[in-house]
Amino acid sequence: MRLLIMTKRQKEIIEDNLRAFEHNFGKVRIEKENYGLGFYVFSPANSDSYVQYCYNIDYLNGWLYGCVQA
């Protein structure tokens with residue numbers, strides 16, 4: 001797992017759902033967009049293209065949760 005330019009609080013917000021996601025789907029790389037509040041999710045972690053763009057940390061947390069629940 002690699003989290004780039006993510007604050008401690010942001011890491012705490014997604015911690016539980018990220019752990020569950022990686023348990024089910026494998027390691028993931030999350031990168032903050034250059035401008036704005038969004039995040040790109042790369043799965044698997046060494047992928048060159050992202051699988052999901054999330055508008056903010058809450059959307060990212062919800063997306064991780066939803067993937068595990070589905």
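The values are calculated or read from the model by the stated rules, or taken from the named source; none is laboratory data. The model shown is predicted, which means the values in this text are computed figures rather than measured ones. All Cβ positions, glycine included, derive from the backbone under ideal geometry; neighbour counts span all protein chains shown. Each accessible area value is taken on the protein alone, full model and side chains, heavy atoms only, with ligands, DNA and RNA left out. Shrake-Rupley method; radii C 1.70, N 1.55, O 1.52, S 1.80 Å.
Counting only other residues whose beta carbon sits under 10 Å from that of PRO44, what net charge do I get with K and R as +1, D and E as -1?
Numbers: positive: LYS27, ARG29; negative: none.
After counting each charged neighbour, the total is +2.
Each of TYR65, GLY38, MET6 was scored by the projection of its Cα onto the charge dipole of the chain, and the greatest displacement toward the positive side belongs to MET6; charges sit on the C-beta of Lys, Arg, Asp and Glu. Per residue, the chain exposes an accessible area of 66 Å² to a 1.4 Å probe, with every protein chain left in place.
Comparing ASP16, ASP58, ASP48, which has the greatest mean-square fluctuation in the GNM of the chain with Cα pairs linked when under 10 Å apart? Looking only at ASP16, ASP58, ASP48, the largest GNM fluctuation is found for ASP48. The chymotrypsin sites (Phe, Trp or Tyr not before Pro) of the range 1-52 meeting both criteria, a DSSP state outside H, G, I, E and B (loop) and at most 11 other C-beta atoms within 10 angstrom of the site's C-beta, are TYR35. Using every pair of distinct Cα positions in the range 18-58, the Kirkwood expression returns a hydrodynamic radius of 10.5 angstrom. Running Debye on the chain with equal point scatterers at the Cα sites and no solvent, what base-10 log of I(q)/I(0) appears at q = 0.11, 0.23, 0.26 Å⁻¹? Debye curve over Cα of the chain, log10 I(q)/I(0) at q = 0.11, 0.23, 0.26 Å⁻¹: -0.21, -1.02, -1.34.
The modelled label-to-label distance for the pair ASN56/GLU15, using points 7 Å beyond Cα in the direction of Cβ, is 2.2 nm. A simple rule links phi to the HN-Hα coupling: the Karplus curve 6.51 cos²θ - 1.76 cosθ + 1.60 with θ = phi - 60°, which for the range 56-70 gives 7, 5, 5, 5, 4, 4, x, 5, 4, 4, x, 4, 5, 6, 6 Hz, with x for Gly and Pro. Leaving out ligands, DNA and RNA, what percent of the accessible area of the chain is carbon and sulfur, probe 1.4 Å? Summing carbon and sulfur atoms, their accessible area is 50 percent of the total for the chain. For the chain, the antiparallel share of DSSP beta bridges with both residues in that region comes to about 70%.
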